[in-house]
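The values are calculated or read from the model by the stated rules, or taken from the named source; none is laboratory data. Because the structure is predicted, anything quoted here is derived from the model rather than measured. All Cβ positions, even for glycine, are placed from backbone atoms using ideal geometry, and neighbour counts span all protein chains on display. Accessible surface is based on the protein model in full, side chains and every heavy atom, while ligands, DNA and RNA are left aside. Shrake-Rupley method; radii C 1.70, N 1.55, O 1.52, S 1.80 Å.
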Amino acid sequence: MELDEVVITRAIIERYMDKLLSHVETDVAVVGGGPSGLIAGYELAKAGKKVALFERKLSIGGGVWGGGMMFNEIVVQDAARPVLEELGIRHRRVQDHYLVCDAVETASTLTSRAVQAGLAVFNCVTVEDVLMREDRILGLVLNWAPVDMAGLHIDPLTMRSRYVIDATGHATEVCRVVQEKVPGGLRTPSGRIDGEKSMWSDRAESLTLENTREVFPGLVVAGMAANAAFGGPRMGPIFGGMLLSGVKAARWILDRLAEEPADTPS
Ligand SMILES: Cc1cc2nc3c(=O)[nH]c(=O)nc-3n(C[C@H](O)[C@H](O)[C@H](O)COP(=O)(O)OP(=O)(O)OC[C@H]3O[C@@H](n4cnc5c(N)ncnc54)[C@H](O)[C@@H]3O)c2cc1C
């Protein structure tokens, strides 16, 4: 049978539109497709929640691919071993408490397991603003990343979500938007993004987990964004904290969703 270009085109457009339309209202919207956002998306989707992840770049995986200084191996501490084992990411032990994983296997397995669990990923989409009413985040304002990169004068579109996770890494972009709209309104010590401190791996890993919390009503920070928002130190290329932070963000939201009456789709 001869392949028909228009059938191919129609299949892509119809399938994408179905996916997009069924995620303009979600339980959770994740901003950023790094390790913390992906694992949060995986946990939420696995629990049966409707969850969409928006990533500005073409590729998903954030800072995992390059390991440390482009040596594409990553280190994960023992505490996060259950996450690696659940996802099926192979690892090798170094000394008592360190595990080393192939960065490419980690990024691709995280992505594939999350999507197979039901996470809808929209790459090449930038989150440029939030939907906010009565001091609560209600969703996101989206545009195509190339529109943003080209500086085109094109209005964005919007999606609604019961919770948003800021997993945008060092940039802490969703918190940055909120801080502009509600000066002093973030639940950090200064009411603003406190900013990342110099490298201290041990302290940073525990603080990343501690700082994974609701930073504004409806907005939870995870991963490096949690560190940056609350002024934790950076930690270098160790990724256990990123994974555990995403899991914590997801479980915290699952608990809140279980307490609240559902008026959006699950
Ligand atoms: C310059 C640089 C310095 C680093 N320094 C450290 C360090 O000190 N310590 C450390 O542990 N790791 C560092 N890393 C590695 C890496 O960032 C993190 O360890 C890890 O990947 C963070 O995971 P994450 O899930 O928090 O976010 P990331 O892996 O950073 O993923 C965030 C994702 O969010 C996307 N994003 C951001 N804003 C938006 C938006 N508005 N809309 C849509 N998508 C968006 C980004 O494109 C990115 O893919 C560094 C990386 C870079 C690039």
Candidate set: segment 149-170, residues that are buried (at least 16 other Cβ atoms within 10 Å of the Cβ), in contact (Cβ under 8 Å) with a residue 40 or more places away in the chain and of a type outside the set (Val, Ile, Thr); chosen: the one farthest from residue 132 (Cα to Cα): 169
Qualifying residue in segment 58-73 (condition: of a type in the set (A, V, I, L, M), closer than 15 Å to residue 107 by Cβ and loosely packed, with under 14 Cβ neighbours inside 10 Å): yes
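Only strands (runs of 3 or more DSSP E) wholly contained in segment 1-94 count here; list those with 2 or more residues that are in contact (Cβ under 8 Å) with a residue 24 or more places away in the chain.
Answer list for segment 1-94: 25-31, 51-55, 73-77.
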Candidate set: segment 230-240, residues that are buried (at least 24 other Cβ atoms within 10 Å of the Cβ) and in contact (Cβ under 8 Å) with a residue 40 or more places away in the chain; chosen: the one nearest to the ligand (Cβ to nearest atom): 239
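Give, as residue ranges, the strands (runs of 3 or more DSSP E) completely inside segment 140-229 that count at least 2 residues that are modelled with pLDDT of 95 or more and within 12 Å of the ligand (Cβ to nearest atom).
Counting at least 2 such residues, we get 157-166.
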Residue match in segment 92-104 (condition: out of contact with any Leu (no Cβ under 9 Å at 6 or more places or on another chain), surrounded by fewer than 24 Cβ atoms within 10 Å (Cβ to Cβ) and at positive phi): yes
Residue list for segment 197-229, restricted to those being in contact with a strand residue (DSSP E or B) (Cβ under 8 Å, 6 or more places away or on another chain), polar (S, T, N, Q) and open to solvent by less than 30 Å² (accessible area, probe 1.4 Å): 211, 212, 227
